[in-house]
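Here's the structure we're looking at; comments come further down.
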Amino acid sequence: MLELQHVQKTYNPGAVTELRLFDDFNLTVARGEFVSIIGSNGSGKTSLLNLICGSIQPDGGDVRIAGQSILRQPEHRRYQRIGRVYQNPALGACPSLTVLENMALADNKGRRFGLGRGVSRERIPFYRQQLAGLGLGLEDKLGVKMGSLSGGQRQAVALVMATMTPLDFLILDEHTAALDPHTADRIMELTDRVVREKQLTAMMVTHNLRYAVEYGSRLLMLDHGRVAFDCAGAEKAALAVEDVLGRFNALRFDCGGEPAPARRAG
């Protein structure tokens, strides 16, 4: 489904701060997989997502979806096939527009806008239905400005907006990191349900090891632009947080860092 082939990426080439992050990096994600991606800061997690979405371009190699290269497609074209929910609840939606207006914009993603109405009255019942499925009462807040919602409510709406149109991929970029623990748990439950019900292929970057273990069908641990650990299926289902934390600490120790104290990750 998704293939990154022999990808090369160097930041600040020729400068004192030059960093070769990806060197002949290869990754395949099958249709229907829900991949959790973890790793320390600088391991390449967000850069990987940005390469897929087109926010940055590789120096070499290829990115392919369904066997076709998407390297020449600009970022806005890729978002016709990719939905993305960001870490910051303020991103991914227009805070000065109402929930209804934001839903209408998401519903028309990839289409040409003419001089007609931005919101179709015929689509309002559909928007209400999509929001009602979240169980948060957001279907009764269509006239409320997005900026007036709580962070968790905005992330929930953003999740619906990102998955309203047919997608090849759902990209979750630390989408619970800015939320309090209770709200983050609720958003993760909603995310898992949406991915399952819509049979999406999803990639989720997270610093929460518990979420990485409990959710998804595959887990990747990145380290300095390489895949240090990759497990799926029964092996993934048998993982415990302590197992992942042990591997994470071992990587830090191998790189000369101080191993983190053993504790339960939340």
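The values are calculated or read from the model by the stated rules, or taken from the named source; none is laboratory data. Note that the coordinates shown come from a computational prediction; the quantities given were computed from them, not determined experimentally. Counting neighbours? That spans all protein chains shown, and the Cβs are built from the backbone with ideal geometry, glycine included. Ligands, DNA and RNA are excluded from the accessible area calculation, which covers all protein heavy atoms including side chains. Shrake-Rupley method; radii C 1.70, N 1.55, O 1.52, S 1.80 Å.
With the radius of gyration and the Kirkwood radius both derived from the Cα set of region 1-141, what is their ratio Rg to Rh?
For region 1-141, the value is 1.05.
Once both axes come from the Cα atoms, what is the angle between helix 151-162 and the longest principal axis of the chain, in degrees from 0 to 90, rounded to 10?
Taking Cα atoms only, the helix is inclined about 80 degrees.
Under a straight-distance cross-link criterion of Cα-Cα below 26 Å, which lysines are reachable from Lys198, leaving out those fewer than 8 residues away in the same chain?
Within reach: Lys45, Lys109, Lys141, Lys236.
Provide the gained length on full extension for the span Ile56 to Glu214, in nm with one decimal, where the gain is 0.36 nm per separating residue minus the Cα-Cα distance.
Net length gain for the segment: 53.8 nm.
Let me check against my output: what whole-number percent is the relative contact order of the chain, with C-alpha pairs under 8 Å and at least 6 apart?
Relative contact order, the chain: 24 percent.
Please give the helix 241-254 orientation as an angle from the longest Cα principal axis of the chain, in degrees from 0 to 90, rounded to the nearest 10.
50 degrees
From the residues Leu245, Leu219, Val119, which one has its Cα farthest along the dipole of the chain in the positive direction, the dipole being from +1 and -1 charges on Cβ of Lys/Arg and Asp/Glu about the Cα centre?
Value: Val119.
Skipping prolines and chain starts, which residues have an amide H placed within reach, meaning under 5 Å, of the one on Leu179, given they are 5 or more residues away or on another chain?
none
Need one number: nm distance between label points at Tyr11 and Asp230, each 7 Å from Cα along Cα→Cβ, rounded to one decimal.
Each label point lies 7 Å from its Cα, and together they span 2.3 nm.
Quick check on the chain: helices-only [θ] at 222 nm, where DSSP H runs of length 4 and up contribute -39,500 (n - 2.57) each and the sum goes over total residues. Nearest 500, please.
The helix contribution divided over the chain gives -9000 deg cm²/dmol.
For region 25-34, take each phi angle, set θ = phi - 60°, evaluate the Karplus expression 6.51 cos²θ - 1.76 cosθ + 1.60, and give the result in whole Hz per residue in order, putting x for glycine and proline.
Working through the residues one at a time gives 7, 10, 7, 10, 10, 7, 4, x, 6, 10 Hz.
Run the simple label-point estimate for Leu91 and Met1 please: 7 Å along Cα→C-beta, distance reported in nm.
2.3 nm
At 7 Å along the Cα-to-beta-carbon direction for both Ala250 and Arg77, put a label point, then send me their distance in nm to one decimal.
Label-label distance for Ala250 and Arg77, simple model: 4.4 nm.
Please list, in order along region 181-187, the HN-Hα scalar couplings obtained from phi with the Karplus expression 6.51 cos²θ - 1.76 cosθ + 1.60 (θ = phi - 60°), rounded to whole Hz, x for Gly and Pro.
x, 5, 5, 4, 4, 5, 5
With every protein chain left in place, what is the accessible area of His207 in Å² (1.4 Å probe, nearest 10)?
Surface accessible to solvent at His207 totals approximately 100 Å².
What size of dipole, in debye to the nearest 20, comes out for the chain about its Cα centre when the only charges are +1 on Lys and Arg C-beta atoms and -1 on Asp and Glu C-beta atoms?
It comes to approximately 980 debye.
Can you divide the C-alpha Rg of region 99-247 by 2.2 N^0.38 Å and report the result to two decimal places?
Taking N as the residue count of region 99-247, the ratio is 1.19.
Which sequence of Met164, Met203 reflects their accessible areas, 1.4 Å probe, from the largest down?
Descending accessible area places them as Met164, Met203.
With θ set to phi - 60°, apply the Karplus curve 6.51 cos²θ - 1.76 cosθ + 1.60 along region 201-211 and write out the HN-Hα couplings as whole Hz, x wherever there is a Gly or Pro.
9, 9, 10, 10, 8, 8, 9, 8, 5, 5, 5
Using the Cα atoms as the points, what is the convex hull volume per residue of the chain in Å³?
Normalising the Cα hull of the chain by residue number yields 149 Å³.
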